[in-house]
Amino acid sequence: MPDDTFSAMRQSIIDGAPSTAADLAQHAIAHGTAPLDAINHGYVPGMHDVGEQFARGQMYLPDMMASAEAMRAAMAVLDPELKKQGAERPKAGIVVLGTTKGDIHEIGKTLVGTLLTAHGFQVHDLGVDVSGEKFAAKAKEVGADIVGISALLTTTMRNQKTVIEALVHSGLRAQLKVMVGGAPVTRRWADEIGADGYAKDAMSAVALARELMQS
Ligand code: HCB
């Protein structure tokens, strides 16, 4: 895929243009581009630009919402392509996934879920604004091997710890692994709150989940 297509994808996110973003995704698939390349080299860099412009006060909340819509439109095209691969694989493990209480950022968490599914994991996505109790109840219900907790705000990162505490209180902590991620999250933070691992992006989350299944 030529670089100018990746930059058009990036621009469609910055412009908050869902139909352009979706058309470019269709075009990429029709021309044999790996969906993950389109995500990693086109759309995600666009989201990063949006975040930086927002931080500098050059973009406002409605712009950021429009960009998220464009990302969703692209993912609606790419998601089924990514998931197709998962149906043909043996089950790699059971994952319960969600974004912490007070946090409505879902794009990164959903992408992690899609790639885990594409790599054979059975994923139960609880969505956004999820309490520790909900994580624990779902993990118990489905017999989770891994709980994946996303947080995009410095103010909601601490709720990752609350989820781990809920898992301890419900007696589940020793039976499963916890992985954390999200833009402000670091390996150091993961160690500090007693998570089993940290992943910086969706592909690393798949590698980490595989590793955690072996440990
Ligand atoms: Co939002 N927002 N936002 N936002 N937002 C951020 C996160 C800021 C960094 C922007 C900035 O200031 N530079 C900032 C947070 C600052 C901070 O806390 N330090 C911020 C803010 C301030 C806010 C509001 C408070 C703004 C306001 O209302 N004034 C508000 C919060 C609302 C709330 O949650 N209570 C808000 C709202 C929004 C929306 C609704 C407009 C929209 C979200 C829409 C949606 O998700 N449906 C939004 C967006 C889109 C962003 C940015 C621009 C992009 C986030 C994103 O989708 N990134 C973001 C800027 C940024 O992050 N650079 C900005 C792309 C994905 C692919 O990356 O990092 O989410 P990711 O996920 C990766 C990775 O972290 C890892 O894998 C993923 C895939 O590669 N990963 C995991 C994630 N979770 C994992 C879990 C695991 O177990 C393992 C790996």
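Condition (residue is within 13 Å of the ligand (Cβ to nearest atom) and of a type in the set (Ser, Thr, Tyr)) applied to the stretch 19-39: is it met by at least one residue? No. Of the helices (runs of 4 or more DSSP H) lying entirely inside the stretch 148-214, those carrying at least 1 residues that are closer than 13 Å to Thr100 by Cβ, touching a residue at least 24 places away in the same chain (Cβ under 8 Å) and in contact with a strand residue (DSSP E or B) (Cβ under 8 Å, 6 or more places away or on another chain) are 154-169, 187-193. Val96 - would you say it is open to solvent by less than 30 Å² (accessible area, probe 1.4 Å), touching a helix residue (DSSP H, G or I) at 6+ places or on another chain (Cβ under 8 Å) and among the aliphatic types (A, V, I, L, M)? Spelling it out, Val96 is indeed open to solvent by less than 30 Å² (accessible area, probe 1.4 Å), touching a helix residue (DSSP H, G or I) at 6+ places or on another chain (Cβ under 8 Å) and among the aliphatic types (A, V, I, L, M).
Among the residues making up the stretch 96-120, those that are outside any helix (DSSP H, G or I) and within 12 Å of the ligand (Cβ to nearest atom) are Val96, Leu97, Gly98, Thr99, Thr100, Lys101, Gly102, Asp103, Ile104, His105, Glu106.
So, restricting to helices (runs of 4 or more DSSP H) that lie completely within the stretch 1-73, which ones have at least 2 residues that are touching a Gly at 6+ places or on another chain (Cβ under 9 Å), more than 21 Å from Ile104 (Cα to Cα) and open to solvent by less than 40 Å² (accessible area, probe 1.4 Å)?
Numbers: elements: 3-15, 18-30, 35-38, 44-55.
In the stretch 1-73, the matching helices (runs of 4 or more DSSP H) lie at 3-15, 18-30.
The values are calculated or read from the model by the stated rules, or taken from the named source; none is laboratory data. These figures come from a predicted structure and were not determined experimentally. Here Cβ is always computed from backbone atoms with ideal geometry, including for glycine, and neighbour counts include all displayed protein chains. Side chains included, ligands, DNA and RNA excluded: accessible areas come from the protein's heavy atoms. Shrake-Rupley method; radii C 1.70, N 1.55, O 1.52, S 1.80 Å.
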